[in-house]
1. So, for the chain, what is the accessible surface per residue at a probe of 1.4 Å, expressed in square angstrom?
2. Summing +1 for each Lys or Arg and -1 for each Asp or Glu, what net charge is found among the other residues whose Cβ lies under 14 Å from the Cβ of residue 50?
3. Quick check on segment 17-73: take the gyration tensor over C-alpha atoms, sort the square-rooted eigenvalues as a ≥ b ≥ c, and tell me if it's rounded (a/c under 1.5), prolate or oblate.
4. Could you tell me how many cubic angstrom of Cα convex hull volume the chain has per residue?
5. Count the net charge of all other residues whose Cβ sits under 12 Å from the Cβ of residue 79, scoring Lys and Arg as +1 and Asp and Glu as -1.
6. For every helix of n ≥ 4 consecutive DSSP H residues, a contribution of -39,500 (n - 2.57) applies; sum these over the chain, divide by its total residues, and give [θ] at 222 nm rounded to the nearest 500 deg cm²/dmol.
7. Sort 73-83, 103-113, 8-18, 33-43 by packing, meaning the average of other beta carbons within 10 Å per residue, with the highest value first.
8. Give the percent of DSSP beta bridges with both residues in segment 1-122 that are antiparallel, rounded to the nearest 5.
Amino acid sequence: MESNVNEMLEVAVKAADQKRAENLVALDIHEISLVSDAYLIFDAPTQRQVLAIVDEIEDKMAEAGFELKRHEGRREGEWVLMDFGDLFVHVFKDDMRQFYNLEKLWGAAPEIDIDQWIVKEEF
């Protein structure tokens, strides 16, 4: 995978994590998809939080110079797809993520380690 995709992933993961996205998973799909190199998939418990995360990612990616080519689902806030070219970001309301189960659909794709960009909370 290109370093540009890693930079995009880092910005998107940090932005999502800052707004308390849950169950973040990144998949390397560059060998099995003609559309994109990586998917970032995660969820949030409410529509309001889904939309807050989407706004944060859009802002941080723009600041880093990554263009949002198109998005879908923003009005409904159940599942928002953000297309940054080499990176697709899927933001789900938690029940919708379980329903669509993209990780199973892309089961052949290896997972990308994103733990270094997620802040671990101590209780």
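1. 58
2. Charge balance in the 14 Å sphere: -3.
3. Taking the square roots of the gyration eigenvalues as a ≥ b ≥ c, segment 17-73 is oblate.
4. With only Cα atoms used, the chain gives 106 Å³ per residue.
5. Result for the local shell: -2.
6. It comes out at -11000 deg cm²/dmol, rounded to the nearest 500.
7. The packing order, highest mean first, is 8-18, 33-43, 73-83, 103-113.
8. Roughly 70 percent of the beta bridges in segment 1-122 run antiparallel, per DSSP.
The values are calculated or read from the model by the stated rules, or taken from the named source; none is laboratory data. This structure is a prediction, so every number in the text was calculated from the model and none was measured. Cβ: placed from backbone, ideal geometry, glycine included. Neighbour counts: every protein chain shown. Note: areas computed on protein heavy atoms with side chains; ligands, DNA, RNA excluded. Shrake-Rupley method; radii C 1.70, N 1.55, O 1.52, S 1.80 Å.
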